[in-house]
1. Kindly indicate whether any position in segment 386-398 is open to solvent by 10 Å² or more (accessible area, probe 1.4 Å) and at pLDDT 95 or above.
2. Kindly evaluate A342 against the criterion of being modelled with pLDDT of 95 or more, over 21 Å from F469 (Cβ atoms) and touching a strand residue (DSSP E or B) at 6+ places or on another chain (Cβ under 9 Å).
3. Starting from segment 454-479, take each residue that is farther than 20 Å from A437 by Cα and list its partners that are among the acidic types (D, E) and outside any loop (DSSP other than H, G, I, E, B), counting only C-beta distances under 6 angstrom and pairs at least six apart or across chains.
4. Which of the residues spanning segment 455-480 are more than 18 Å from T317 (Cβ to Cβ), among the hydroxyl-bearing types (S, T, Y) and either in contact with a Leu (Cβ under 8 Å, 6 or more places away or on another chain) or open to solvent by less than 30 Å² (accessible area, probe 1.4 Å) (or both)?
5. From the set of residues in segment 288-312 that are open to solvent by less than 10 Å² (accessible area, probe 1.4 Å) and not in a strand (DSSP E or B), which is modelled with the lowest pLDDT?
6. For the subset of segment 224-236 comprising residues that are in contact (Cβ under 8 Å) with a residue 40 or more places away in the chain and either over 17 Å from T297 (Cβ atoms) or in contact with a Pro (Cβ under 6 Å, 6 or more places away or on another chain) (or both), which member is most open to solvent (accessible area, probe 1.4 Å)?
7. Can you report the number of residues in segment 426-452 which are outside any strand (DSSP E or B), surrounded by 15 or more Cβ atoms within 10 Å (Cβ to Cβ) and without any contact (Cβ under 8 Å) to a residue 60 or more places away in the chain?
8. Does at least one position in segment 162-185 carry a residue that is more than 30 Å from the chain's Cα centre (by Cα) and free of Cβ contacts under 8 Å to residues at least 12 places away in the same chain?
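The values are calculated or read from the model by the stated rules, or taken from the named source; none is laboratory data. Keep in mind the model is a prediction, meaning the values are calculated, not measured. Methodologically, a virtual Cβ is constructed for each residue, glycine included, from the backbone with ideal geometry; neighbour enumeration extends over all protein chains shown. Areas reflect the complete protein model, heavy atoms only, side chains present, ligands, DNA and RNA absent. Shrake-Rupley method; radii C 1.70, N 1.55, O 1.52, S 1.80 Å.
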Amino acid sequence: MKTKKYFYLCLGILALSCSKDNDSNDDETSVTTNTPVTISATTVKGTAEGSSETGANEEDILTNSTFASTVKITFSGTNVTVENAVTGVTVTTSGADVTVNSTVAGVAYEITGTTTDGMLKIYSDKKYKLTLNGVSIKNNDGPAVNIQSGKRAFIVLSGTNTLEDGTTYATSTEDQKGTFFSEGQLIFSGTGTLTIVGNNKHGIAADDYVRVQSGTINITKAASDGIHTNDAVYIDGGTLNIVASSDGIEAEEGHIIINGGTITANVADDGIVASYDTDDTIDPYVVINGGTITITTTDQGGEGIESKSKLTINDGTIYIKAVDDAINAADAIYINGGTIVAYSTTNDGIDSNGTLTVTGGRIFSTGAKSPEEGFDCDNNTFKITGGLLIGAGGATSSPTASVSTQASAILGSGNAGTIFSILDSDNAEVMTFKSPASFTTLLLSGSKFSSGKTYKLVTVSAVTDASDFNGLYLGGTFSNPTVSSSFTLTSMVTKIGGSTGPR
């Protein structure tokens, strides 16, 4: 948590004496309208900034490779059956411990059966395909799957599969960092399910990168990280459900790109993190181009999404409830689209230690009580050219008027659980939300804001046919709202109440 100094402007609900509409109707306690108010959550987009990288790699597409030979390995208790011998491939067994040595290309392996005291280890000079087809492997003293090959491994999920490692590992001179470990790239695809129980360290670990294209991966327990890589993580699709005692997804010395898929992470530490910050040759950035992401952190230092470099969100549906910052980046945050609800219970909702740029998207960010902020970028540039922004907290960074093209208002306090809406002079809805926590500062910005126009802050008893994303209303109607106050936008950034951080 950073130490901050704030200039307190006006506290209380909107400090009506600071800005007041001259229309006498604003002294009434309800809005006079003959029709229900429709919630639209309208936004416009400015020119996108940040990264649009997808991490696409033709070499990671399974159909671009040919695997002409298949070796089938079947576990049955303490026994193993090996079928379809291939020249250049040696499979040795010791009980249910299986070791594969391959010097040839174009080999696929199909693994089936069950063992409660076995493992699969692979050495390969060439890339290969590994199909998990209804297999259950528990290893009591090491990883369930241990790939000692730096080559690309195509992991195809078929049927229902389970891997579990031991609480302690037998001593080895080789790396063995998790239940499913690889020295090389792991590319997951298929239509099946893989359940991983990580008793010793990570659930899935690679000294190279991990890519998930399809399939369902359930990491029900990880003593450390759910997915941990040295180089990178790419999520193109599929479903990931992660429970971890440390991070959900960590790229220790690289970057993370999420293009799609569904990710649910309940973790003690960070949900998604590119963590390396001690080598200038490594750029630990995060790019989110799509997908559905739900993150809950429970530890005091647990952040939702963190980049030790730059973070770009181009699209996606994201909900984060974090103990520490919900979204954090060391250098810059760019938000160009998506629907984002970021809620921190002790710190900032969205926190950039550098610049903060919003060109689009629908964003509801909630920080903790003073001095923590909904939007925080310290003394750095806060640029708004599009999007719908709601920031509730103990304070806020003030948008930078000289570079912003969309107007903002900084208002006063409100209570948790109250439905608030902003209406224009024609009683058309601008934005509607329900804060999970009480706040003393409210930052609002939207495409319907215009300098010189007057708006009402109203409270709403209920929303009919509501489309509600964790307190951010995207649709529905309401009637008979109660006016809390009105305010007039007098400039690009109009300060009416609340507290602003250093600018």
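1. Step one: list which residues in segment 386-398 are open to solvent by 10 Å² or more (accessible area, probe 1.4 Å), which gives none.
Among the residues of segment 386-398, not one is open to solvent by 10 Å² or more (accessible area, probe 1.4 Å) and at pLDDT 95 or above, which makes the answer no.
2. Working: modelled with pLDDT of 95 or more: yes; over 21 Å from F469 (Cβ atoms): no; touching a strand residue (DSSP E or B) at 6+ places or on another chain (Cβ under 9 Å): yes.
Against the criterion (modelled with pLDDT of 95 or more, over 21 Å from F469 (Cβ atoms) and touching a strand residue (DSSP E or B) at 6+ places or on another chain (Cβ under 9 Å)), A342 does not qualify.
3. Hits for this filter: G476/D465.
4. Step one: list which residues in segment 455-480 are more than 18 Å from T317 (Cβ to Cβ), which gives 455-465, 477-480.
The next check asks that each one be among the hydroxyl-bearing types (S, T, Y); those that pass are 455, 459, 461, 464, 477, 479.
Scanning segment 455-480 gives a single hit, Y455.
5. G302
6. Step by step, filter segment 224-236, then rank; the result is Y234.
7. Total satisfying the criteria: 1.
8. Taking segment 162-185 first, the residues more than 30 Å from the chain's Cα centre (by Cα) are 168-174.
Then drop every residue that is not free of Cβ contacts under 8 Å to residues at least 12 places away in the same chain, which leaves 171, 173.
Yes, some residue in segment 162-185 is more than 30 Å from the chain's Cα centre (by Cα) and free of Cβ contacts under 8 Å to residues at least 12 places away in the same chain.
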